[in-house]
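To start, the structure itself, in structure tokens.
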């Protein structure tokens with residue numbers, strides 16, 4: 001999972017450790033031992049030290065860089081109420097679609113469920 005910067009990476013790491021006692025998502029980041037053993041690697045760089053083929057980005061504008069990357073699938077998460085993030089996500093979507101990538105998007109529905117966009 002790629003965050004915009006180290007502060008966001010560290011905040012996400014903390015949240016994943018403390019979200020709920022009965023819920024845990026195995027993850028690690030720089031300084032957490034052998035990167036190759038981490039099922040989810042938190043980073044603020046383009047590096048993929050665990051060899052993951054799925055890339056989750058909290059930086060919408062970064063998505064087109066991963067078209068030629070080893071990533072088989074790229075997921076872009078962004079806050080739709082943030083106009084800059086929405087514009088960056090739309091630009092990334094267009095670039096990916098125009099490059100021939102299979103694209104789809106999901107949004108939060110009125111009931112809190114996820115609805116596939118058209």
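Quick note: the coordinates plus some simple rules give every number you see, no bench work behind them. Note that the structure is a prediction, hence the values are computed from the model and not measured.
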Rounded to the nearest 10, the angle in degrees between the Cα long axis of helix 6-18 and the longest principal axis of the Cα atoms of the chain comes to 70 degrees
Debye log10 I(q)/I(0) at q = 0.10, 0.18, 0.19 Å⁻¹ for the chain, Cα point scatterers
-0.34, -1.06, -1.15
Of 36, 80, 102, the one that fluctuates the most in a GNM where the chain has Cα springs shorter than 10 Å:
102
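Run the numbers on the range 1-51 and let me know its relative contact order in percent, using alpha-carbon pairs under 8 Å that are six or more apart.
40 percent
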With Cα springs under 10 Å, the Gaussian network model of the chain assigns the largest mean-square fluctuation among 84, 44, 108 to 108
Fluctuation leader among 43, 18, 53 - the chain, Gaussian network, Cα springs under 10 angstrom
18
